[in-house]
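Written below as structure tokens is the structure these notes are about.
Please treat every number below as a calculation from the coordinates, not as lab data. Bear in mind that the values here come from a model prediction, so they are computed numbers and not experimental data. All Cβ positions, even for glycine, are placed from backbone atoms using ideal geometry, and neighbour counts span all protein chains on display.
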DNA sequence: GTGGTCCAGTGGCTCAGCCACTCAACCACT
DNA sequence: AGTGGTTGAGTGGCTGAGCCACTGGACCAC
């Protein structure tokens, strides 16, 4: 894989500010100190701080007004789904809620894909499914699995589902390694996913929805168990 | 309302670059000119350009690598649902696809809300619904309507639905004024939405899903008609 | 070939400073 | 008193110049 990107100053700064906000140490509605002052506190240049501010503004966590100041926003009120990755990293409560939505939307996507997939798309689905079974190692199977889900989203013919799928995948990113359980054995992963692809290829909407439901709840259970185990282990060490 | 925010240099720059990318003038995979050069082209400072870059990177439209350059990414591959507002502004095709997803997810939310809403939440829903009927003017009814949908999302007990609702609302923002049709008469808007709230309050999941489906497809039809009419009018003038 | 070194080109970050905007206090006039 | 204009301190927006850190290809010594 390679290409591990170092963390830049702005990355660190952004993370720090974000933690302060999500952790409630900078309550919604309150004003941050002036940029000059805050930059001094963090020991960075004002320009650098502004780059971090820019990102948080775009995320919907901050709001700056020229001549007035920078205020913390209520992210549950204004924030979009792109906040999920940082929320997952900040508090584990979110992952369960994401799973529930993933399941509902996954069923929806499978149903729509069954209704509308073109022959070329079903062929691609079969090809990508086969790649899951032949993947090397758990990480390979996990990535191959993700490709199948992307293709399913494309097969709905609705690009919004593609973007939603991206958003949900991004949400898993911070904990991806901990969620590799369902993909430990490539063959098993393949067999679990196969019914979904088969039902979509057969244009059987109800079966596709049902198969997706089974697939998602099965993998979900394994992942949540893994997370719970990891948490127990970590707490035991403490 | 007030508070019209002027467009800053960075805003303009971001918009310009985004249009170039979404319009295909900067194809995915291609490298942008070096920052120093591009800043000269636009007649802005390199720091300012970097602020615009920062936003586009966060959106998933660009990717910068230290020592190498800045490359355009394939947003359908990497972009999240937060791209929707800019996509709607760029091409009208998206709005139909968004409507379809809004309808499916809206049904889902109504069903879940019916299953899980607390007494306090149903009371709030009734209060917000009443506010729709009493709103002044189309814009007021539209905003009040949005508040009901936010409350429905909260009533699912799953905060991811809240964020998804925000994302979809944000997607409408660029064309909000053109979609005020269903809310021209506050009383009608109220009566159309009432069955959804009633079914949720009665904890009748199936009825809530059905009522939401009716509500969403009705308002959707009105909005799409309005858009088509506006387009015809505009094209007629041309 | 193989490995190491160098260097031009790129983005990351800093610095000092001016500009533009907001708001509240104040003042002048009615 | 009330109204409306002015001012100034404080804030974020933006600039220009410059150094640092990283990458990758060209080149060289072996």
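Data for the structure
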quantity	calculated
Relative contact order, percent, chain A [alpha-carbon distance under 8 Å, six or more residues apart]	20 percent
Cα gyration tensor, segment B:1-85 - rounded (a/c under 1.5), prolate or oblate	oblate
Cα pair distances of chain B binned at 10 Å [whole percent]	7, 26, 27, 21, 14, 5, 0
Debye-sum result for segment A:47-113 in log10 I(q)/I(0), which assumes one identical scatterer on each alpha carbon, at q = 0.16 Å⁻¹	-0.69
Relative contact order (%) - criterion: Cα under 8 Å, at least six apart; region: segment B:9-78	38 percent
Approximate spin-label separation residue B:37-residue A:8, in nm, with each point projected 7 Å along Cα-to-Cβ	2.0 nm
Kirkwood hydrodynamic radius of the protein assembly as shown, from inverse mean 1/r over distinct Cα pairs, in Å	24.2 Å
Rough spin-label spacing in nm, given labels placed 7 Å along Cα→Cβ, for residue B:225 and residue A:15	5.4 nm
Inter-label distance for residue A:116 and residue A:68, nm, one decimal - labels placed 7 Å from Cα along Cα-to-Cβ	4.1 nm
